[in-house]
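What follows is one structure encoded as structure tokens, with my remarks underneath.
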Amino acid sequence: MAKRTIVTMPGDGIGKTVLPEAIRVLDAVGFEAEYVHADIGWEFWCKEGNPLPRRTLDLLEKHHIALFGAITSKPKTEAAKELAPELQDKGFVYYSPIVSLRQHFQLDICQRPCKTFKGNPLNFIRRGPNDTIQEPEVDVVVFRQNTEGLYGGVEWTNPSDQVYDAMMTHPKFAKNFGWSPREELAISTRIFTKKYSERICRAAFEYARKFGYKRVTLCEKPNVIRETSGMMLAICRQLEKEFPEIRFNFTNIDAQMMWLTKDPENYGIIIAGNMFGDIVSDGFAGLIGGLGFACSANIGEKVAIFEPTHGSAPKYQKLNPSIVNPIAMIMSACMMLDHIDEVEKANRIRAAIAKVVEEGKYRAYDMLKLRGSQEVLNQGAASTTEMADAIIAAL
């Protein structure tokens, strides 16, 4: 069998640190691939005015599968100041490259698994009856609509005549915001389409059926955001008729964040729009160890990109040896293996991670609840490489 070609996009900060460790683990489990580097991130914004060069899009269009590390992202005005002098005031505008990737390739389905590892000192615990201590087992997969909603990028400051006049046709805009000077208005839209709302909802129900989850929950706000959240609710109501063995219910995002710590073991598959999916997945990630354990997949009809949900944390990049936890990146590589039908290898890696976490001999600084600095290595924390080595040994 010919080797697969995987596009690697380390990006910024610790992305350059954790992605090579994930590849070492993939090599150790016997996954054979050719890895092709692709440029993305802050360096290319500063020197080219484009954090997502066309050459990177070409590689993804050719090879379809990618591992992505992390990016640095800054507000518009700060980003403009860091452009190379010859690019200043030339009309370049910074856009998040990962958001741009999702929209360019219509990576509309985002999966974010949140599953506890036995023995992880960061697992959520709660007080039970008679002052007992309970550690509920969390096994949640958040299906987040990835290309629409508040992250769609359709927004204005000081809107044009055409936009302003259109907004003024809505009676609530005219009544509640018509008093404001136009130059003091900032408008962001939340746009849902039926096509992509149906795709994310159906993908969630099908995943629940395939992997034996008994409950699907829509986490939105249909009592207030009636049109967009209401569209997703109506779609789920139709789908529950097709999947009678799966219990469906819906929650409001604000209430869900309260219930998150009351009974997280009661949730299986969660569906949400872009912003609410981002929020609820980070909430559940906090229950299973934080961003050091949070992996994700961005899946479209042709291209799929797999990434940890943590940021670039540039302050840690220069530490030598590195102290960051590579598990989220390694788990993202496991999701890639699942996607290309290398499930046996993915499960072997997950079992190795579980063994290392439960044994407790090697723990990254976040697992020891230490403040991130080089000193943690003298306080019992394993380095990034040592964590990966332990996982490889456990294979």
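Worth pointing out:
- Scanning the chain for trypsin sites (Lys or Arg not before Pro) in DSSP loops with at most 15 neighbouring Cβ atoms within 10 Å leaves 119-213 as the longest stretch between them.
- Cα-centre dipole for the chain with unit charges at Cβ (Lys and Arg positive, Asp and Glu negative), debye to 20: 600 debye
- GluC sites (Glu not before Pro) restricted to DSSP loop in segment 1-43 with at most 11 other C-beta within 10 Å: 32
- Taking a ≥ b ≥ c as the square roots of the Cα gyration tensor eigenvalues, the chain comes out oblate, since a/c reaches at least 1.5 and a/b does not exceed b/c.
- Taking a ≥ b ≥ c as the square roots of the eigenvalues of the Cα gyration tensor, segment 204-270 is oblate, since a/c reaches 1.5 or more and a/b is not larger than b/c.
- Close amide H contacts of residue 6 (hydrogens built in the peptide plane, cut-off under 5 Å, sequence separation of 5 or more or a different chain): 34, 35, 36.
- Calculated FRET value between residue 351 and residue 198, using beta carbons and R₀ = 25 Å, to 0.05: 0.10
- Only beta bridges with both residues in the chain are counted; by DSSP, about 45 percent of them are antiparallel.
- Chain lengthening between residue 118 and residue 393 when straightened (0.36 nm per residue, less Cα-Cα): 97.1 nm
- Across all directions, the shadow cast by the convex hull of segment 297-384 built on its C-alpha atoms averages 6.6 square nanometres.
- Cα centroid of segment 137-174 to Cα centroid of segment 375-395, whole Å: 43 Å
- Between residue 379 and residue 339, the simple label model (points 7 Å from Cα in the Cβ direction) yields a spacing of 3.6 nm.
- Dividing the mean sequence gap of close Cα pairs (under 8 Å, 6+ apart) by how many residues the chain holds gives a relative contact order of 22 percent.
- D_trans [Stokes-Einstein, Kirkwood Rh over alpha-carbon pairs] for segment 243-315, 10 °C, 1.306 mPa s, µm² s⁻¹: 112 µm²/s
- Approximating the spin labels as points 7 Å out from Cα along Cα→Cβ, the residue 369-to-residue 37 distance works out to 4.0 nm.
- For segment 1-137, the share of alpha carbon pairs falling in successive 5 Å distance bins from zero is 2, 8, 14, 15, 15, 12, 10, 8, 7, 5, 3, 1, 0, 0 percent.
- Remark: for residue pairs 175/241; 62/118; 115/302, the C-alpha separation exceeds 29 Å in 175/241; 62/118.
- For segment 82-222, with +1 on Lys and Arg beta carbons and -1 on Asp and Glu, the positive-most of 151, 201, 97 along the dipole: 201
- Loop-located chymotrypsin sites (Phe, Trp or Tyr not before Pro) in segment 138-244 whose Cβ has at most 10 other Cβ within 10 Å (DSSP): 179
- Counting only the Cα atoms, segment 241-395 fills a convex hull of 162 Å³ per residue.
We did not get these values from a lab; they are worked out from the coordinates using the rules stated. Keep in mind that what you see is a predicted model, and the values were worked out from it rather than measured. Positions of Cβ are generated from backbone atoms using ideal geometry, with glycine treated the same way; all protein chains shown enter the neighbour counts.
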